[in-house]
1. For the range 248-267, give me each residue that is surrounded by fewer than 21 Cβ atoms within 10 Å (Cβ to Cβ) and either polar (S, T, N, Q) or touching a residue at least 24 places away in the same chain (Cβ under 8 Å) (or both).
2. Which residue is nearest to Thr229 (Cα to Cα), if the candidates are limited to the range 123-156 and must be in contact with a Leu (Cβ under 8 Å, 6 or more places away or on another chain) and not in a helix (DSSP H, G or I)?
3. Output yes when any residue across the range 109-129 is within 23 Å of Ala89 (Cα to Cα) and either out of contact with any Ser or Thr (no Cβ under 9 Å at 6 or more places or on another chain) or surrounded by 15 or more Cβ atoms within 10 Å (Cβ to Cβ) (or both), and no when none is.
4. Would you mind finding the one in Ile204, Ile133 that is of a type in the set (Val, Ile, Thr), farther than 26 Å from Lys237 by Cβ and over 20 Å from the mean Cα position of the chain (by Cα)?
5. Quick one: which helices (runs of 4 or more DSSP H) sit completely within the range 159-249 and have at least 3 residues that are of a type in the set (Val, Ile, Thr) and closer than 30 Å to Ile107 by Cα?
6. Run down Val69, Val101 and say which single residue is under 26 Å from Gly216 (Cβ atoms), of a type in the set (A, V, I, L, M), out of contact with any Asp or Glu (no Cβ under 6 Å at 6 or more places or on another chain) and at pLDDT below 95.
7. Does Leu142 satisfy the criteria of being farther than 19 Å from Thr87 by Cα and buried (at least 20 other Cβ atoms within 10 Å of the Cβ)?
8. Being among the charged types (D, E, K, R) and either over 21 Å from Leu243 (Cα atoms) or touching a residue at least 12 places away in the same chain (Cβ under 8 Å) (or both) is the filter; apply it to the range 13-52 and report the residue that is surrounded by the most Cβ atoms within 10 Å (Cβ to Cβ).
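The values are calculated or read from the model by the stated rules, or taken from the named source; none is laboratory data. Values in this document were obtained by computation on a predicted structure and should not be read as measured data. For neighbour counting, all protein chains shown are included, and Cβ atoms are generated from backbone atoms with ideal geometry for every residue, glycine included.
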Amino acid sequence: MTPAGRHAAGWWGLIAPAFLLMTAFYVAPIAQVLVISFTEPSPGLSNYERLFTSESIQRVIGTTLRIGVTTTLLALLLGYALAYRITMASPQAQRWWLLAVLVPLWISTLVRAFAWVTLLRRQGLVNQGLQSIGAIQEPLALVWNEFGIVVGMVHYMVPYAVLPMLSTMREVDPRVLAAARGMGAGRTESFLRIFLPLSLPGVIAAGVLVFIFSLGFYITPAILGGGKTLMVAEWIKLQILDLLRWGLGAMMATMLVVAILGTLGVFSRVVNLRRLFGSGA
């Protein structure tokens with residue numbers, strides 16, 4: 001065997017255990033879900049035909065896409081402002097800002113969801129505060145609907161939006177902005193014409209990340225939606241565990257995987273996702 005062949009064999013020997021584990025615990029279950037979607041309750045495409053004939057399924061898909069897009073846009077808006085503030089802060093202040101961004105990631109999703117229920121329910125702090133200052137007469141419906149779901153999901157997603165954008169913003173050379181101001185550009189103009197375009201790759205990466213996470217969200221929509229607003233993940237759980245419609249649940253799970261891979265495929269044509277997510281040059 002040539003040296004190159006021995007090198008290749010050694011390389012495959014190193015990755016073989018990880019490859020086998022990935023196949024056993026990830027690829028094989030997904031393949032089984034795909035098979036179930038075509039065979040239960042009877043072989044054929046009947047489950048996939050429901051995508052075009054069932055109003056309830058179309059409503060769930062529409063709700064998921066609407067909430068996912070809304071969450072992504074709000075998380076990008078808030079995350080960009082926060083990432084920009086961190087970038088422009090002093091090194092010592094940056095550490096505190098970054099800690100404030102990371103701390104929510106260490107808190108359980110379940111705890112955060114119930115905290116929002118406490119804040120937004122009809123007898124919660126938000127409604128009581130608005131009533132105490134005379135802003136409203138009757139409590140507002142802030143939870144167990146789409147509004148409550150979006151609030152909880154945006155709160156969860158902002159750190160995931162901040163980190164990719166912050167990574168890109170830190171690569172922008174401050175001397176470029178200083179040169180623009182030296183040539184007569186105002187603060188707003190230098191931001192819009194220089195900083196914003198240079199930071200767009202981070203915005204795209206954050207948008208892809210947040211949107212993909214939003215499509216498969218379960219705990220937050222289940223708690224803050226109160227069962228009244230179903231997203232895809234909760235609908236899959238309902239079909240498989242409660243109604244025992246394994247074929248329908250597997251079909252929707254398959255479509256969710258396809259949607260995620262399709263989203264990555266579309267954006268990979270536009271930008272270098274490996275570079276954006278830090279896995280390549």
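1. Those that are surrounded by fewer than 21 Cβ atoms within 10 Å (Cβ to Cβ) and either polar (S, T, N, Q) or touching a residue at least 24 places away in the same chain (Cβ under 8 Å) (or both): Thr254, Met255, Leu256, Val257, Ala259, Ile260, Thr263, Leu264, Phe267.
2. Trp144
3. So far as the range 109-129 goes, no, none of its residues is within 23 Å of Ala89 (Cα to Cα) and either out of contact with any Ser or Thr (no Cβ under 9 Å at 6 or more places or on another chain) or surrounded by 15 or more Cβ atoms within 10 Å (Cβ to Cβ) (or both).
4. Unique residue meeting the criteria: Ile133.
5. Here the list reads 196-215, 219-225.
6. Val101
7. In short, yes.
8. Glu40
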